[in-house]
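The values are calculated or read from the model by the stated rules, or taken from the named source; none is laboratory data. Note that the coordinates shown come from a computational prediction; the quantities given were computed from them, not determined experimentally. Cβ coordinates were reconstructed from backbone atoms using ideal geometry, including for glycine residues, and neighbour counts include every protein chain displayed. Surface areas here come from the heavy atoms of the whole protein model, side chains and all, with no ligands, DNA or RNA. Shrake-Rupley method; radii C 1.70, N 1.55, O 1.52, S 1.80 Å.
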Amino acid sequence: MKFNKFSLLSLLIILLLVLQGCSSGTSAKSDSKNGAGNYPERDIEIVVGWGAGGGTDTFARSIAKEMSDTLGVNINVVNLPGASGANAGDHTARQPADGYTIWAISSNYPINVARNTTPHDLSKYTAIGRVQQDTMSLQVLKGKKFTDYEDFIKQAKDNPGKISVGGTGAVGFDELVLRQFEEKAGIKLNYISYEDAGEMHAALLGGHIDGMLEEIGPSIAQIEDGSVEMLLAFTDKKLEGFEETPISTEEGIDLTDGQERGLLVHADTPDEIVETLQKALEKAKDSEEYKKYEKDSYLHLRDGWLSGEDFKKNLEKNIKTYQSIVEGL
């Protein structure tokens, strides 16, 4: 059979079209695999493992608003309380690794890993960044049982296990801070667990406990009206506005733990999407609106920012620390 010039030209055109289609398909697959494209193209979800109104919830909502402005899509905060935040972590691990599900974590996540109360260790996630490191402090009724920090330590040594200190949750962040404090100060305290901070505050004000472990923001009204005072702040630098408050490192206590909050995504999220989220998060935490929220909540007293890789290393360190404490309980 003979082909005329027209038939040969037609065959060549068809062949070129087929090759172009294959090339486009390969390119599209490559873009999809590498996370390229127009991310984000739809709403993003930040999941919180606690109810509305708590510290992690307010963090997520404040940072979501600023990230939304940068990314140009809505970022919705969804509360999935339960199992000390593990429910939200499980949800994130089960979602597609496409950057549309972000987990807002607190220090409870590394504690859950240390306690083996979550099936998802750090290898299941990629760290976007840490934004907050709150300041934990030992607070008591002002002018009542203790004159100062030295008096607290003296009474604790004279009466092992008799001084009661409240915290939220059993074998949670507050208790693990207390156990480290006991070890480093050479004392024994009686830890009292409460369901929430409001119940704990009422117990202290009512004289039912001798002290409590609490951040500054939630109890600032009582600190300012003089009913409560900080005997010790767990930090390595004097606090702005609280320069008279003793800090742990000055008292020979190598303990600076504070509630940490940041963002994680599924471990298989493409690098390009992770980078986009990291840039958006860093811009958000530096925004004027976020800085105002931070100062109003007394979260500005310590610089909480850690980039993704540094945040991951910090989480790994915390997990090891908490594992050693949990084993001794």
Send over a whole-number figure in Å² for the accessible area per residue of the stretch 256-310, probe 1.4 Å. 48 Å²
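Can you give the FRET efficiency to the nearest 0.05 for K279 and D254, using r as the Cβ-Cβ distance and R₀ = 45 Å?
On the way: r = 35 Å, r/R0 = 0.77.
With a Förster radius of 45 Å, E is 0.85.
Using the Kirkwood radius over Cα pairs, work out the Stokes-Einstein diffusion coefficient for the stretch 32-91 at 10 °C and 1.306 mPa s, in µm²/s as a whole number.
Values: Rh = 12.5 Å.
Roughly 127 µm²/s, to the nearest whole number.
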Estimate the FRET efficiency between S324 and E289 by the formula 1/(1 + (r/R0)^6), using the beta-carbon distance for r and 30 Å for R0, to the nearest 0.05. 0.15
Let me know the longest stretch in the chain that avoids all GluC sites (Glu not before Pro) found in a DSSP loop with at most 15 other C-beta atoms within 10 Å. 42-194
In order over the stretch 153-168: 3J(HN,Hα) from phi, Karplus 6.51/-1.76/1.60, θ = phi - 60°, whole Hz, x for each Gly or Pro, gives 5, 4, 5, 5, 6, 6, 9, x, x, 8, 7, 9, 10, x, x, 9
For the stretch 135-145, Karplus-derived ³J(HN,Hα) couplings (6.51, -1.76, 1.60; θ = phi - 60°; whole Hz; x for glycine and proline) come out as 10, 7, 8, 9, 10, 9, 5, 5, x, 9, 7
Would you mind working out the magnitude of the charge dipole of the stretch 171-259 relative to its Cα centre, with +1 at each Lys and Arg C-beta and -1 at each Asp and Glu C-beta, to the nearest 20 Debye? 240 debye
Per-residue counts of other Cβ atoms within 10 Å, averaged by peptide: what ranking do you get for 47-54, 135-142, highest first? 135-142, 47-54
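Throw me the Rg/Rh for the chain, computed over C-alpha atoms with Kirkwood Rh, two decimals.
On the way: Rg = 25.8 Å, Rh = 22.1 Å.
Rg divided by Rh gives 1.17.
Give me the accessible area per residue for the stretch 102-228, probe 1.4 Å, as a whole number in Å². Working shown, then result.
Details: 4930 Å² over 127 residues.
Computed with neighbouring chains in place, this is 39 Å² per residue.
Compute the length gained on full extension between D271 and D310: take 0.36 nm times their separation in residues and subtract their Cα-Cα distance, giving the result in nm to one decimal.
12.4 nm
Suppose we take every Cα in the stretch 222-306 and form the convex hull; what volume per residue is that in Å³? The partial results should precede the final answer.
Values: hull volume 10.6 nm³, N = 85.
Hull volume over Cα atoms, normalised by residue count, gives 125 Å³.
Pulled fully out, how much extra length does the chain show between D69 and L122, if you take 0.36 nm times their separation in residues and subtract their Cα-Cα distance?
Details: separation 53, 0.36 × 53 = 19.08 nm, distance 2.91 nm.
This chain segment gains 16.2 nm when fully extended.
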Taking only C-alpha pairs under 8 Å that are 6+ residues apart, what is the relative contact order of the chain in percent? 26 percent
Of the beta bridges DSSP finds with both residues in the chain, what % are antiparallel, to the nearest 5? 55 percent
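Using the Cα centre as the reference, give the magnitude of the dipole from point charges on the C-beta atoms of the stretch 236-329 (Lys, Arg: +1; Asp, Glu: -1; all else neutral), rounded to the nearest 20 debye. Mind dumping the intermediate values first?
On the way: 14 positive and 24 negative charges, 29 e Å.
It works out to roughly 140 debye.
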With axes computed from alpha carbons, what is the tilt in degrees of helix 308-328 against the longest principal axis of the chain, rounded to the nearest 10 within 0 to 90? 40 degrees
E224-S164 FRET efficiency (beta carbon distance; Förster radius 22 Å; 0.05 resolution): 0.35
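How many percent of the accessible area of the chain is carbon or sulfur, using a 1.4 Å probe? Present the calculation step by step, with values, prior to reporting the outcome.
Working: 8040 of 16310 Å².
For the chain, the apolar C and S fraction of the accessible surface comes to 49 percent.
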